[in-house]
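Comments concern the structure below.
Readers should treat all values here as calculations from the given coordinates under stated rules, not as data from a laboratory. It should be emphasised that the depicted structure is a prediction, and the values quoted were computed from it without experimental measurement. Quick reminder, even Gly has a Cβ in these numbers, built from the backbone with ideal geometry, and neighbours come from all protein chains shown.
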Amino acid sequence: MKSGVRRKRVLPQRPPLLPRCWASRLPTSAEIQRFYQHLDQVMVESGFLDPNNPRLLTRRVRRLFNRVEMTSNEVNILRGILSAVTQSEAKTKS
């Protein structure tokens, strides 16, 4: 028979977040806006986004990135990736 005692369920703990001093600073709103403009430009140039019929794509992509607390360094990494994609497309077109 089971006793009337309930055991507390132990949930796995998340690893502690790094202190802010170890990570890069948070990006400014201007840096975030430049990232979004760069992303929109690459999506249009690659044909992924139709500027005449964007639907909800831009809003959904922004929402996706807003859920993540990116550091300034991470924003710069993503912009570097976008630049590399743009340069790679330019090379294949010439």
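The residue among LEU78, ILE32, ASN53 whose Cα reaches farthest toward the positive pole of the charge dipole of the range 26-93, with charges on the beta-carbon of Lys, Arg, Asp and Glu, is ASN53.
All other residues with a Cβ under 12 Å from the Cβ of PRO54 taken together, and with Lys, Arg as +1 and Asp, Glu as -1, what is their net charge?
Details: positive: ARG55, ARG59, ARG60, ARG62; negative: ASP40, ASP50.
Every neighbour counted, the sum reads +2.
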